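Everything on this sheet refers to the single structure shown next.
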Amino acid sequence: MTAEEIKSGQVLLVDKPLNWTSFQAVSKIRYTLKNALNEKKIKVGHAGTLDPLATGLLIICVGKMTKEIHTFMGQEKEYVAKIKFGATTPSYDLESDINQTFPTAHVTEQAIAEILPQFIGETKQLPPIFSAIKQGGVRLYKKARAGEQVVVEPRDVYIREIEILSFAEQELSIRVTCGKGTYIRSLAHDLGQALHSGAHLAGLRRTKIGSYSVEGAKDPIQWCEHFVNTIDA
């Protein structure tokens with residue numbers, strides 16, 4: 001792979017590891033490319049943030065392909081999520097500690113299946129206060145972590161499909177196909193409320209963005225090793 005091929009534009013399918021931020025993945029690849037190409041600047045950006053506690057497909061664009069980031073961000077996405085019933089957290093996931101517990105004896109797979117249709121189609125969703133949405137130029141999660149009062153407005157989202165994969169010991173595994181701006185953490189929280197209990201996201205993996213799949217994707221370290229071994233600057 002030559003320097004010109006990189007600059008002309010590349011789409012990298014990255015399997016983001018657990019506890020990495022999307023920014024860290026971009027920074028690692030940008031740093032490696034700058035050194036491998038002996039360039040002071042090279043454009044690198046991602047097409048849709050994944051939370052640190054989520055894994056899976058992150059599309060990273062390099063060079064002239066960064067101009068197409070918006071097209072990837074607007075494409076349909078698929079996730080596999082684990083939702084734990086019986087407790088809520090302020091962040092709607094495992095980033096923060098449990099703040100309230102609820103009864104779960106009445107939460108069955110049949111009850112879940114009966115309630116799921118109300119979340120399919122065009123609906124209103126309240127984003128988590130621990131999110132990357134900007135308010136007054138500041139990310140909401142920064143305000144939330146600083147203990148500031150955060151007020152969010154409901155957003156229009158579209159969920160095309162929710163498939164139950166398994167349910168055991170009050171943990172639900174589902175596959176979700178949805179549009180831009182949908183928070184699976186909020187879906188987990190809302191499912192708990194709809195079932196007169198509580199719930200939080202216990203695990204999340206993004207498996208598809210449009211026609212792109214996480215199958216065959218490389219993690220950031222593998223991409224960096226690939227560039228070091230193949231770039232002929």
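Assorted remarks:
- Whole-Hz ³J(HN,Hα) from phi, Karplus 6.51 cos²θ - 1.76 cosθ + 1.60, for the stretch 88-99, glycine and proline x: 10, 9, x, 8, 6, 9, 8, 5, 10, 6, 4, 10
- Shape class of the stretch 77-209 from the alpha-carbon gyration tensor: oblate, with a/c at 1.5 or above and b/c at least as large as a/b.
- Summary value for the chain: 30 percent relative contact order, contacts being C-alpha pairs under 8 angstrom separated by 6+ residues.
- One chain, two ends: N19 and Q100. Fully extended at 0.36 nm per residue, the span grows by 26.7 nm beyond their Cα-Cα distance.
- ³J(HN,Hα) computed for each position of the stretch 154-166 - Karplus, 6.51 cos²θ - 1.76 cosθ + 1.60, integer Hz, glycine/proline x: x, 10, 7, 10, 10, 10, 7, 8, 10, 10, 6, 9, 6
- Two-site FRET efficiency, Q222 against E109, from Cβ-Cβ distance with R₀ of 41 Å, rounded to 0.05: 0.60
- Counted residue by residue at 0.36 nm each, then reduced by the alpha carbon distance between them, the extension gain from I120 to I164 reaches 14.5 nm.
- Taking the fewest neighbouring Cβ atoms within 10 Å as the starting point, the ordered list for Y158, Y92, Y31 is Y31, Y158, Y92.
- Shape of the stretch 38-79, Cα gyration tensor, a/c cut at 1.5: oblate
- Annotation: the residues T101, T32, sorted from fewest to most other C-beta atoms within 10 Å of their own C-beta, follow the order T101, T32.
- The chain: radius of gyration over Cα atoms, expressed as a fraction of 2.2 N^0.38 Å: 1.11
- Additional length obtainable on full extension of the chain from N38 to A194, 0.36 nm per residue less Cα span: 50.6 nm
- C61, C224 arranged by Cβ crowding within 10 Å, fewest neighbours leading: C224, C61
- Straight-distance candidates among the aspartates and glutamates for linking to K40, with alpha-carbon spacing under 19 Å and chain neighbours fewer than 8 residues away dropped: E4, E5, D232.
No lab work stands behind these numbers, since they all come straight from the coordinates. If you're wondering where the values come from, they're calculated on a predicted model, not measured in any experiment. So basically every Cβ, Gly included, is an ideal-geometry build from the backbone, and we count neighbours across all protein chains shown.
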